[in-house]
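The next block holds one structure in the form of structure tokens; read it before the comments.
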Amino acid sequence: MSIDLKSKFLQVYESLKSDLIKDPAFEFDDDSRHWVERMLDYNVPGGKLNRGLSVVDSYKLLKGEELTEDEVFLACALGWCIEWLQAYFLVLDDIMDESHTRRGQPCWFRLPKVGMIAVNDGVVLRNHIPRILRKHFRGKSYYADLLDLFNEVEFQTASGQMIDLITTLVGQKELSKYSLSTHRRIVQFKTAYYSFYLPVACALLMFGENLDNHVQVKDVLVEMGTYFQVQDDYLDCFGAPEVIGKIGTDIEDFKCSWLVVKALELASEEQKKLLNENYGRKDPGSVAKVKELYHTLNLQGVFEDYENKSHEKIITSIETHPSKAVQEVLKSFLGKIYKRQK
């Protein structure tokens, strides 16, 4: 991705933000304007921006030639809608998980003046998306499809988050509920739709395509999203905090992580007992025992094996797609995540 695309993308953020803090539907005063601006700057542009930039990249590959100024702006605006959606999920997610840091800084709700106002900020972030879409896409033939797509994906993500939360209910810590199929369902709905399918679907709509004709694209992207989350689970435990920007807490949080699911598959009765006694406990000793077991079971090797097989499988699916341009889009996506370190 070129440096100028990223700076162009950030320029579009400033423009969208400026519209939102002057939105005529609400009478802003200095305090509310300042609050929204600070809240947006803190939560929206701070990540890697992969999801948003992917809309622009994908649209470029579909079009196969240079984009006009207007097309760049619109593709960036759609990309930012996904970053807004992500920010909304993360702000609320961090409260639910009682997290401390996000993207290398304290979670928004942890700031002294913010606290539970963050819940409403999440709602505000969610409401910015249709404002942006309405301002810039209202006259487009695919406007209704865009609204529909965002609503659909938000529903899938919230439902995925729900299965994740009710599977990890404290007080009912039963590892027996955890299986690869549970993990897969959570990942597919909670992460894969909004992080992988949504950016490409936005580009396809902008390009004039009907999403009903692209079920195969959705399937490949959901597969990629699953692989991405398995990497994430792996990095949560084995990644270096200074590289990944956060301290992993999946073990303490009793998360249905790919690692624990794999460990349960491979463990002896004795090792399962150790997992049941230590997984989901906050004390460092228990966490260390779980990590030690992961090493004993060679989960690093198991992960590498999974990574290679998964990559092969995804490449094979991509190459059966009739459109070369769509193949390019999918391969560029895969290239961004294969063997990532953070």
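The values are calculated or read from the model by the stated rules, or taken from the named source; none is laboratory data. Since this is a predicted model, take the numbers as computed values, not measurements. Here the Cβ is made from the backbone with ideal geometry for all residues, glycine too, and neighbour counts use every protein chain on show. Keep in mind that these areas ignore ligands, DNA and RNA; they rest on the heavy atoms of the full protein, side chains included. Shrake-Rupley method; radii C 1.70, N 1.55, O 1.52, S 1.80 Å.
Taking the Cα centre of the chain as origin, work out the dipole magnitude from +1 charges on Lys and Arg Cβ and -1 charges on Asp and Glu Cβ, in debye rounded to 20. Write down the numbers at each step before the final one.
Details: 43 positive and 51 negative charges, 56 e Å.
Roughly 260 debye, rounded to the nearest 20.
With all protein chains kept in place, the per residue accessible area of segment 247-342 amounts to 53 square angstrom at a probe of 1.4 angstrom. Against the chain, whose longest principal axis is taken from its Cα atoms, helix 269-278 shows a tilt of about 60°.
Compute the accessible area per residue over segment 1-122, keeping the other protein chains in place, probe 1.4 Å, unit Å². Working shown, then result.
Numbers: 5930 Å² over 122 residues.
Roughly 49 Å² per residue, with all protein chains present.
On the chain, 53 percent of the accessible area sits on carbon and sulfur atoms, based on a 1.4 Å probe. Taking Cα centre as origin and charging only the Cβ of basic (Lys, Arg, +1) and acidic (Asp, Glu, -1) residues, the dipole magnitude of segment 1-42 rounds to 300 debye. Each other residue within a Cβ distance under 13 Å of His183 adds +1 if Lys or Arg and -1 if Asp or Glu, for a net charge of +1. When you restrict to C-alpha pairs under 8 Å that are six or more residues apart and normalise by the size of the chain, the relative contact order lands at 17 percent.
With an 8 Å cut-off on Cα pairs and a minimum separation of 6 or more residues, tell me the relative contact order of segment 116-270 in percent. Averaging sequence separation for qualifying contacts and normalising by length gives 24 percent for segment 116-270. Students often get this wrong, so check it: of Lys8/Lys135; Lys48/Lys173; Lys135/Lys218; Lys218/Lys291; Lys22/Lys63, which have C-alpha atoms separated by over 26 Å? Checking Cα-Cα distances, Lys48/Lys173; Lys135/Lys218; Lys218/Lys291; Lys22/Lys63 exceed 26 Å.
Could you give me D for the chain, from Stokes-Einstein at 37 °C and 0.692 mPa s, where the hydrodynamic radius is the Kirkwood radius over C-alpha pairs? Units µm² s⁻¹, please.
154
Scanning residues 5 or more positions from Arg102 or on other chains, those with amide H under 5 Å from its amide H are Cys107, with H placed 1.01 Å from N in the peptide plane.
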